[in-house]
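The values are calculated or read from the model by the stated rules, or taken from the named source; none is laboratory data. None of these values were measured; they are calculated from a predicted model. Positions of Cβ are generated from backbone atoms using ideal geometry, with glycine treated the same way; all protein chains shown enter the neighbour counts. Just the protein is used for accessible areas: all its heavy atoms, side chains included, with ligands, DNA and RNA removed. Shrake-Rupley method; radii C 1.70, N 1.55, O 1.52, S 1.80 Å.
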Amino acid sequence: MSAPPNAPNRNPWWAAVLIGMFAIFVLTRDGSSTSGALTAMLILGVPLVLVVLIVRALYRVGEPRPAPITFVTSSVPPDTRSAPPPGWYNNPDGADERWWDGRDWTAHTRRPN
C-alpha cells in the first residue's frame, strides 16, 4: 500500500539508531558482565545518536515547507452583511414606523395604515 501523493516522507531514522545501539551492546558484551557493554554503548552510542540527529536535521533543511496559512477577509463591511434591506419597519421606540436606510435608523417616522 502506498502513501498518498501529498503525505510527508517519513524515514524511520530512529529504527537505525536502535539497531545500531543493539549492535554495539551485543558486540561489546563479554560473557560475565554487562557493565562494560553499557559503558561502551554510552561512549559509542551517544555520539552515534547525536550524529544521526544532526544529519537528519541537515537533511530536513532542504525539504520543501508547506505554504503558510493566509486568511482572506471579505470586502463587505461587517455591519452590512446581515442588515435588513432599507424600508419602513416597526419603530423600536414606539407604535409608529421608522425608516431604516440599510445601515441606521433615520429620523423619518410615519403612522401605519
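Worth pointing out:
- Taken over region 57-84, residues that are at pLDDT 80 or above and open to solvent by less than 90 Å² (accessible area, probe 1.4 Å) amount to 3.
- The lone exception for Thr106 - which of (1) open to solvent by 90 Å² or more (accessible area, probe 1.4 Å); (2) of a type in the set (S, T, N, Q); (3) modelled with pLDDT of 75 or more it fails: (1)
- Residues that are among the charged types (D, E, K, R) and either within 41 Å of the chain's Cα centre (by Cα) or modelled with pLDDT of 85 or more (or both), drawn from region 85-103: Asp96, Glu97, Arg98, Asp101, Arg103
- Pairs meeting the criteria (first residue in region 55-70 and part of a helix (DSSP H, G or I), second residue open to solvent by less than 100 Å² (accessible area, probe 1.4 Å), beta carbons under 7 Å, at least 6 apart or on different chains) are Arg56/Trp13.
- Residue within region 23-30 that is modelled with pLDDT of 65 or more, under 30 Å from Trp99 (Cα atoms) and not aliphatic (A, V, I, L, M) present: no
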